[in-house]
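Below is one structure, written out as C-alpha cells, with a few remarks after it.
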Amino acid sequence: MSPPREGDFRSLEICAGAGGQALGLERAGFSPVMLIDDDAQACATLRVNRPNWRVLQADLKDFVGSEHDGVPDVDLLSGGVPSAPYSVAGKQQGTADDRDLLRASIFLAMDVRPRAIMIENIPTLLTSSKFIGTRNFVEEELRHLGYRLDWQILEAQDFGVPQTRRSSIIVAMRPADFARFTWPEGDGNAPTVGQVLRDSMASRGWVAADEWAEIANRVAPTIVGGSKKHGGADLGPSRTKRSWMELGVDGSGLADNVPGPDFPFKPELGRQGLPKLTVPQVARIQGFPPEWIITGRKTSSYRQVAQSFPPPVATALGRQIALALVG
C-alpha cells in the first residue's frame, strides 16, 4: 500500500498555536480545512508560513463547527489542548481551570463527527489519579459517539526530536478504522543538541562552536515556559537551568542572536561563560524546520514554541492514522 500523500485527508486543527502539529500532519497527508487559536500572534505565525491555510482567531469554547463550510465530517479533528490545567505549575485544577479546553474539544467532536480524533496533552492527564474523572468523561463520551479509542504516552526523542519530551495522546476512530490503527514506533536515534545547533552557533564566526557542540552531547531537557500566567522568555525552573548548563547553555534567558566571533566560551565560570539560545534555535530543538518562521516579540515567540507539539511526532502519528483511514 502506497503511503498517503499531502492533501489526501482533511483535518480541523484546534489550539493550533505555532503550527507544530498541523505541519507534522501536513507531511502525513492531511490538509487543514481550518485552524483555530485564540492567540493573535500564533495566528500570525500560521498565516506567514502557510498563506493558503484558513486561520480563525477564536475562543474554542465559542466555536461551532457546523456553522463553517467544510468543517463537519472532516477526516481528523486534531489539537494540543492547553496543558497548564493538568500540570503541577498550573496547580492541577483540571477542568475547573478556566484555561481547560479538553471538554470543549470533546463537545466539538460531538458537533463535527470526524472520522478520527487526535488530542495531545501532558502525561499527568493520563497517569495522575487526580484526573480519573476527566479521563472517564473523555472515554465515556467518545464511546457514546461510536468511537473506539486508546490513550498512550509517546517520547519525542524516539522520533528524532533532540529533547526529552513526553506527551499523552488520545487517538479515537470509528471501529472499522480503529481496528487497522497501530501506534507509531520510533527508532530512538535523536541527534544531540550539539549536532542540531552546531552550524547555527557557528553561523556568525564563533570560533568555539565545535568545542561547545562537544559539550552539548545529549538531547535537551523538556522545553518549558509556555504559560501566559507565569514567567518570561527563559528555559525553565532552576533544576532545568542546571541541565542546560551541563549542555553549555545559559538557560536564564534567550539571546537576540547567536554568538559572534569574540564571544568568550568559559564553562568554568558557570552561566556567565555560556551562550544563550535564540528562539529559532529552541524551535529547532522542538523539531521545527529552519525555514518555519515564529512571529512576534521574544516572549511571545518563545511561548509559541514551548507550547508546540513536535512536528516529527505529529507526522509519525498522522501517518498511522492515515493508513488506518485508507482502509
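Before moving on, here are some points about what is shown:
- On the stretch given as region 122-163, residues that are part of a helix (DSSP H, G or I) and small (Gly, Ala, Ser) total 3.
- Hey, Glu26 closer than 20 Å to Trp292 by Cα and in a helix (DSSP H, G or I) or not: yes
- Answer residue from region 258-309, given it is surrounded by fewer than 18 Cβ atoms within 10 Å (Cβ to Cβ) and among the hydrophobic types (A, V, I, L, M, F, W, C) and is modelled with the lowest pLDDT among those: Leu269
- Boolean, Ala233 is closer than 24 Å to Ile294 by Cα and touching a helix residue (DSSP H, G or I) at 6+ places or on another chain (Cβ under 6 Å): yes
- Yes/no for Asp158 being more than 19 Å from the chain's Cα centre (by Cα) and surrounded by fewer than 19 Cβ atoms within 10 Å (Cβ to Cβ): no
- Residues (closer than 15 Å to Val249 by Cα and either surrounded by fewer than 17 Cβ atoms within 10 Å (Cβ to Cβ) or in contact with a Cys (Cβ under 8 Å, 6 or more places away or on another chain) (or both)) located in region 175-216: Gln195, Asp210, Glu211, Glu214
- Residue pairs whose Cβ atoms lie under 7 Å apart, separated by 6 or more positions or on different chains, with the first residue in region 140-166 and more than 18 Å from Pro310 (Cα to Cα) and the second part of a loop (DSSP other than H, G, I, E, B) and modelled with pLDDT of 95 or more, are Gly146/Arg174; Tyr147/Arg174.
- Of all residues in region 21-37, at least one satisfies being in contact with a Ser or Thr (Cβ under 8 Å, 6 or more places away or on another chain) and of a type in the set (Phe, Trp, Tyr).
- Entirely in region 271-327, the helices (runs of 4 or more DSSP H) that have 1 or more residues that are hydroxyl-bearing (Ser, Thr, Tyr): 298-306, 311-326
- Filter result for Asp59 (modelled with pLDDT of 90 or more and either buried (at least 21 other Cβ atoms within 10 Å of the Cβ) or touching a Phe, Trp or Tyr at 6+ places or on another chain (Cβ under 9 Å) (or both)): no
- Of the candidates Arg218, Arg174, the single residue that is of a type in the set (Lys, Arg) and closer than 26 Å to Ile119 by Cα is Arg174.
The values are calculated or read from the model by the stated rules, or taken from the named source; none is laboratory data. Note that the coordinates shown come from a computational prediction; the quantities given were computed from them, not determined experimentally. Heads up, the Cβs are rebuilt from the backbone with ideal geometry, glycines too, and the neighbour counts pull from every protein chain shown.
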